[in-house]
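The values are calculated or read from the model by the stated rules, or taken from the named source; none is laboratory data. Quantities reported herein were computed from a predicted structural model and do not represent experimental measurements. Every residue, glycine among them, receives a Cβ derived from its backbone with ideal geometry; neighbour counts consider all protein chains shown. Each accessible area value is taken on the protein alone, full model and side chains, heavy atoms only, with ligands, DNA and RNA left out. Shrake-Rupley method; radii C 1.70, N 1.55, O 1.52, S 1.80 Å.
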Amino acid sequence: QVQIVESGGGLVQPGGSLRLSCATSGIHFSDYNMAWYRQAPGKQREFVAVIGSGGAFKYRDSVRDRFSISRDNANNTVYLQMNRLKPDDTAVYYCNAAAGALSYWGQGTQVTVSS
């Protein structure tokens, strides 16, 4: 049984930081590309960052110099370090595990950036 579980969201003031975690089980983690997406109220889900099985990474332009994605293959977990947060970063953040035709999603974790 595949489980994708995000954690670490919360309420933070503009300029603050949060670290999201995505713990997985039931997959051969090191074979999967791991990505973060987000969905703000009334908007479509959008790509945030991805780290490939080989460690290559990519970010959406608006977060490139503020967010950092990393993975721990020993603990089957991917992280998203978010710095200098802005109100526009407010969204539900989802973790995705993908390999070939397989794709699994977590339930999401809410991030709210507000003073």
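Overview of values
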| item | result |
| --- | --- |
| Matching entry among Gly55, Gly26, Gly42 (being over 19 Å from Val111 (Cα atoms), loosely packed, with under 14 Cβ neighbours inside 10 Å, of a type in the set (Gly, Ala, Ser) and without any contact (Cβ under 8 Å) to a residue 24 or more places away in the chain) | Gly55 |
| Sole exception among (1) within 14 Å of Trp105 (Cβ to Cβ); (2) in contact with a helix residue (DSSP H, G or I) (Cβ under 9 Å, 6 or more places away or on another chain); (3) loosely packed, with under 13 Cβ neighbours inside 10 Å for Val48, by number | (3) |
| Residues satisfying the stated conditions in segment 1-60, i.e. over 16 Å from Ala97 (Cβ atoms), of a type outside the set (D, E, K, R) and within 12 Å of the chain's Cα centre (by Cα) | Gly8, Gly9, Leu18, Gln39, Tyr59 |
| Some residue of segment 28-35 being in contact with a Leu (Cβ under 9 Å, 6 or more places away or on another chain) and not aliphatic (A, V, I, L, M) | yes |
| All positions within segment 58-115 that are closer than 24 Å to Pro41 by Cβ, among the acidic types (Asp, Glu) and open to solvent by 30 Å² or more (accessible area, probe 1.4 Å) | Asp61, Asp88 |
